[in-house]
1. Taking only the Cα atoms of region A:13-116, how large is their convex hull per residue, in Å³?
2. What GluC sites (Glu not before Pro) does region A:57-116 have in DSSP loop regions with at most 10 other beta carbons within 10 Å?
3. Which FRET efficiency, nearest 0.05, do B:Ser41 and B:Asn19 yield, Cβ-Cβ r, R0 25 Å?
4. Reachable lysines from B:Lys104, Cα under 16 Å, same-chain residues fewer than 8 places away excluded?
5. Counting only GluC sites (Glu not before Pro) that are in a DSSP loop and have at most 10 other C-beta atoms within 10 Å, tell me the longest site-free stretch of chain B.
6. For A:Lys83, go through the aspartates and glutamates and keep the ones whose alpha-carbon is under 20 Å away, minus same-chain ones fewer than eight residues off.
7. Once amide H atoms are placed 1.01 Å from N in the peptide plane, what residues at a sequence separation of 5 or more from B:Ala78, or on another chain, have their amide H within under 5 Å of its amide H?
8. Can you grab the distance from the C-alpha centre of region A:27-73 to the C-alpha centre of region B:1-59, Å, no decimals?
Amino acid sequence: EPEVTQTPSHQVTQMGQEVILRCVPISNHLYFYWYRQILGQKVEFLVSFYNNEISEKSEIFDDQFSVERPDGSNFTLKIRSTKLEDSAMYFCASSEIKLGTRTEAFFGQGTRLTVV
Amino acid sequence: DAKTTQPPSMDCAEGRAANLPCNHSTISGNEYVYWYRQIHSQGPQYIIHGLKNNETNEMASLIITEDRKSSTLILPHATLRDTAVYYCIVRVTPSGNTPLVFGKGTRLSVIA
């Protein structure tokens, strides 16, 4: 069964460093998302991406964050200058379009980001 | 904020049906009811969704009341692997530009 894959599974970085989280969405999907989950808290939406541009973003997704689809398969989330409060699980998701509408989202297993 | 209300936790005996309720009294006519689950901090997993008719797939059944103000997710024969947090989410039609908004969900514990 096709799945969304994320790398690395765990990333430790020093405060102030840049970090890039990588995702390979399901191959025929066209909508891509990033969510995050701080330990013990709710899953929170960050951003969605379609047709090489951001289609929605939350208040969390400030200027420190950016997303990119550098090639035909990868979808990345960059955090420019990490803060302690960026420590969380980051989930990538993707969905396809059927008959002109977005279908349900499929999530990857997540990258645990720890900022020290 | 999530537009749904779910009990924080439930227990279910292994092999029995698990019935997870969800209230969404402010649901709009163009909003679907989605169910996802999250097993021990893994990525959320899609289960099922519906608009007004009851739906069934290989994982579960979704029963939506006629007034659409509440719904029930049914896992017909719960197993230990169904232990997870279950999220009930309402969102506009799939073509709408709204992301999934997760609440706190219901922590289902399946007991041997």
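FYI, it's all coordinate maths here, none of it is from the lab. Fair warning: this is a prediction, and the values are worked out from it, not measured in the lab. Here the Cβ is made from the backbone with ideal geometry for all residues, glycine too, and neighbour counts use every protein chain on show.
1. Per residue, the Cα convex hull of region A:13-116 comes to 98 Å³.
2. A:Glu59
3. Once rounded, the FRET efficiency stands at 0.50.
4. Answer for B:Lys104, where 16 Å is the Cα cut-off: A:Lys42, B:Lys3, listed by chain and number.
5. Answer from the scan: B:1-57.
6. Output for A:Lys83: A:Glu18, A:Glu44, A:Glu59, A:Asp62, A:Asp63.
7. Amide H neighbours of B:Ala78, under 5 Å, 5+ apart: B:Gly15, B:Arg16, B:Ala17, B:Ala18.
8. Measuring centre to centre over Cα atoms gives 23 Å.
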